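Undergrad: Here it is, the structure in full.
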Amino acid sequence: MQPFKKPLVIVNFKTYAEGTGKNALKLAKISEKVHIQSKVYVAIAPQPTDLSIIAKEVKIPVFSQHIDPVRYGSFTGHILPEAVKETGAVGTLINHSERRLPLKDIEATVKRAKEVGLITCVCADTAENASKVAAFQPDIVAVEPPELIGTGIPVSKAKPEVVTDTVKLVRKVNSSVTILCGAGITVGEDVTAALKLGTEGVLLASGVVKAKDQTEALMDIVRAMAT
């Protein structure tokens, strides 16, 4: 199941004030508008508390920021995959650098997501770890060196070898997975560099969410993908 085409940009709202509650809905509608105008597929990952209202208001792919590999039962405080699916969300991030999981839990989480029909975007901090999680057959693998996240220093320029090594190693174990890169991606030229390195899109956050003009920031990103 892939309600998106490549190249793809996923905007992670994190827990920024600019991506919470009413602001999250506003940014979701901006993302939808940019998708319609550019024809580039834009997916969004708001907080779990905002999933339901946003998924009902926009027609672009909505991802949860996390799910837990649990089933119906006594799991207070966990995020149930079935509950995420019921909000209208179509996918989930897994193992973001700010919500890391052991490999065995990543594998279990991918399995649970597939059981309920959620698209999986698994994050990894290195090329080697990206190849390990690619073996679990997720839909998307996103490599993000944590030391560059939120810095404005793009991995596609600062550490291009991380991206090229990821593409090489991941393709050895999974020829069909979509490969994204993230960390420090802020402007269109960062995306252009990432695509030239063999990726099929980007996962980003603050470059759009915290931008003074979110529409223009996202348009700059997708323009680089449309060329």
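The values are calculated or read from the model by the stated rules, or taken from the named source; none is laboratory data. Because the structure is a prediction, the values reported are computed rather than measured. As a convention, Cβ positions derive from the backbone with ideal geometry for all residues, glycine included, and neighbour counts pool all protein chains shown.
Undergrad: Can you tell me which of (1) in a helix (DSSP H, G or I); (2) free of Cβ contacts under 8 Å to residues at least 12 places away in the same chain is the one residue 163 doesn't meet?
TA: So residue 163 meets the others, but not (2).
Undergrad: May I ask you to verify whether residue 24 is among the aliphatic types (A, V, I, L, M) and either surrounded by fewer than 20 Cβ atoms within 10 Å (Cβ to Cβ) or farther than 30 Å from residue 197 by Cα (or both)?
TA: Details: among the aliphatic types (A, V, I, L, M): yes; either surrounded by fewer than 20 Cβ atoms within 10 Å (Cβ to Cβ) or farther than 30 Å from residue 197 by Cα (or both): yes.
Criteria met by residue 24.
Undergrad: Considering only the range 1-42, how many residues are among the aromatic types (Phe, Trp, Tyr) and outside any loop (DSSP other than H, G, I, E, B)? Please lay out each step first, then the result.
TA: Restricting attention to the range 1-42, the residues satisfying the condition of being among the aromatic types (Phe, Trp, Tyr) are 4, 13, 16, 41.
Retained after the next criterion (residues that are outside any loop (DSSP other than H, G, I, E, B)): 41.
Counting residues in the range 1-42 that are among the aromatic types (Phe, Trp, Tyr) and outside any loop (DSSP other than H, G, I, E, B) gives 1.
Undergrad: Against the conditions (1) out of contact with any helix residue (DSSP H, G or I) (no Cβ under 7 Å at 6 or more places or on another chain); (2) outside any loop (DSSP other than H, G, I, E, B), where does residue 100 fall short? Just the number, please.
TA: Going through the list (1) out of contact with any helix residue (DSSP H, G or I) (no Cβ under 7 Å at 6 or more places or on another chain); (2) outside any loop (DSSP other than H, G, I, E, B), residue 100 breaks only (2).
Undergrad: Check off (1) among the small types (Gly, Ala, Ser); (2) farther than 14 Å from residue 11 by Cβ; (3) assigned to a strand (DSSP E or B) for residue 175 and give me the number that stays unchecked.
TA: (3)
Undergrad: Continuing with this model, one more query. Within the range 125-148, can you find the residues that are over 10 Å from residue 162 (Cβ atoms), modelled with pLDDT of 90 or more and of a type outside the set (D, E, K, R)?
TA: 129, 131, 133, 134, 135, 136, 137, 138, 140, 141, 142
Undergrad: Conditions: (1) free of Cβ contacts under 8 Å to residues at least 24 places away in the same chain; (2) farther than 14 Å from residue 124 by Cα. Residue 84 meets all but one. Number of the miss?
TA: So the condition that residue 84 fails would be (1).
Undergrad: What number of residues within the range 87-105 satisfy the criterion of being under 14 Å from residue 124 (Cα atoms) and touching a strand residue (DSSP E or B) at 6+ places or on another chain (Cβ under 6 Å)?
TA: 4
Undergrad: Among residues belonging to the range 87-99 that are among the small types (Gly, Ala, Ser) and without any contact (Cβ under 8 Å) to a residue 40 or more places away in the chain, point out the one that is farthest from residue 133 (Cα to Cα). Walk me through it before giving the result.
TA: Residues of the range 87-99 among the small types (Gly, Ala, Ser): 88-89, 91, 97.
From what's left, without any contact (Cβ under 8 Å) to a residue 40 or more places away in the chain: 88-89.
Details: 88: 26, 89: 22 Å.
Among those that are among the small types (Gly, Ala, Ser) and without any contact (Cβ under 8 Å) to a residue 40 or more places away in the chain, it is 88.
Undergrad: Next up: Go through 112, 171 for me and flag whichever is basic (Lys, Arg), in contact with a helix residue (DSSP H, G or I) (Cβ under 8 Å, 6 or more places away or on another chain) and more than 30 Å from residue 217 (Cβ to Cβ).
TA: Values: 171 fails: in contact with a helix residue (DSSP H, G or I) (Cβ under 8 Å, 6 or more places away or on another chain).
None of the others qualify; the one that does is 112.
Undergrad: Next up: Is it fair to say residue 132 is touching a residue at least 12 places away in the same chain (Cβ under 8 Å), closer than 30 Å to residue 71 by Cβ and not in a loop (DSSP other than H, G, I, E, B)? Break it down into steps so the answer makes sense when it comes.
TA: Details: touching a residue at least 12 places away in the same chain (Cβ under 8 Å): yes; closer than 30 Å to residue 71 by Cβ: yes; not in a loop (DSSP other than H, G, I, E, B): yes.
The answer is yes for residue 132.
Undergrad: Continuing with this model, one more query. Quick check on residue 163: is it β-branched (Val, Ile, Thr), under 17 Å from the mean Cα position of the chain (by Cα) and either surrounded by fewer than 20 Cβ atoms within 10 Å (Cβ to Cβ) or under 16 Å from residue 128 (Cα atoms) (or both)?
TA: Numbers: β-branched (Val, Ile, Thr): yes; under 17 Å from the mean Cα position of the chain (by Cα): yes; either surrounded by fewer than 20 Cβ atoms within 10 Å (Cβ to Cβ) or under 16 Å from residue 128 (Cα atoms) (or both): yes.
For residue 163, the condition - β-branched (Val, Ile, Thr), under 17 Å from the mean Cα position of the chain (by Cα) and either surrounded by fewer than 20 Cβ atoms within 10 Å (Cβ to Cβ) or under 16 Å from residue 128 (Cα atoms) (or both) - is met.
Undergrad: Still on this structure, please answer the following. Within the range 201-227, how many residues are surrounded by 15 or more Cβ atoms within 10 Å (Cβ to Cβ) and either aliphatic (A, V, I, L, M) or at pLDDT 95 or above (or both)?
TA: We begin by selecting, within the range 201-227, every residue surrounded by 15 or more Cβ atoms within 10 Å (Cβ to Cβ); these are 201-211, 214-215, 217-225.
Next cut, either aliphatic (A, V, I, L, M) or at pLDDT 95 or above (or both) only: 202-205, 208-211, 214-215, 217-219, 221-222, 224-225.
The number of residues fulfilling the criteria is 17.
Undergrad: Which of the residues that make up the range 207-226 are more than 16 Å from residue 42 (Cβ to Cβ) and either in contact (Cβ under 8 Å) with a residue 24 or more places away in the chain or part of a helix (DSSP H, G or I) (or both)?
TA: Of everything in the range 207-226, just one residue is more than 16 Å from residue 42 (Cβ to Cβ) and either in contact (Cβ under 8 Å) with a residue 24 or more places away in the chain or part of a helix (DSSP H, G or I) (or both), namely 210.
Undergrad: Would you confirm whether or not the range 65-77 contains a residue that is hydrophobic (A, V, I, L, M, F, W, C) and over 17 Å from residue 140 (Cβ atoms)? Before the answer, list the steps.
TA: Applying the first criterion (hydrophobic (A, V, I, L, M, F, W, C)) to the range 65-77 yields 67, 70, 75.
Okay, now just the ones that are also over 17 Å from residue 140 (Cβ atoms), so 70, 75.
Within the range 65-77, one or more residues are hydrophobic (A, V, I, L, M, F, W, C) and over 17 Å from residue 140 (Cβ atoms).
Undergrad: Hey, residue 75 hits all of (1) in contact with a helix residue (DSSP H, G or I) (Cβ under 7 Å, 6 or more places away or on another chain); (2) part of a loop (DSSP other than H, G, I, E, B) but one; which does it fall short on?
TA: Failed condition: (1).
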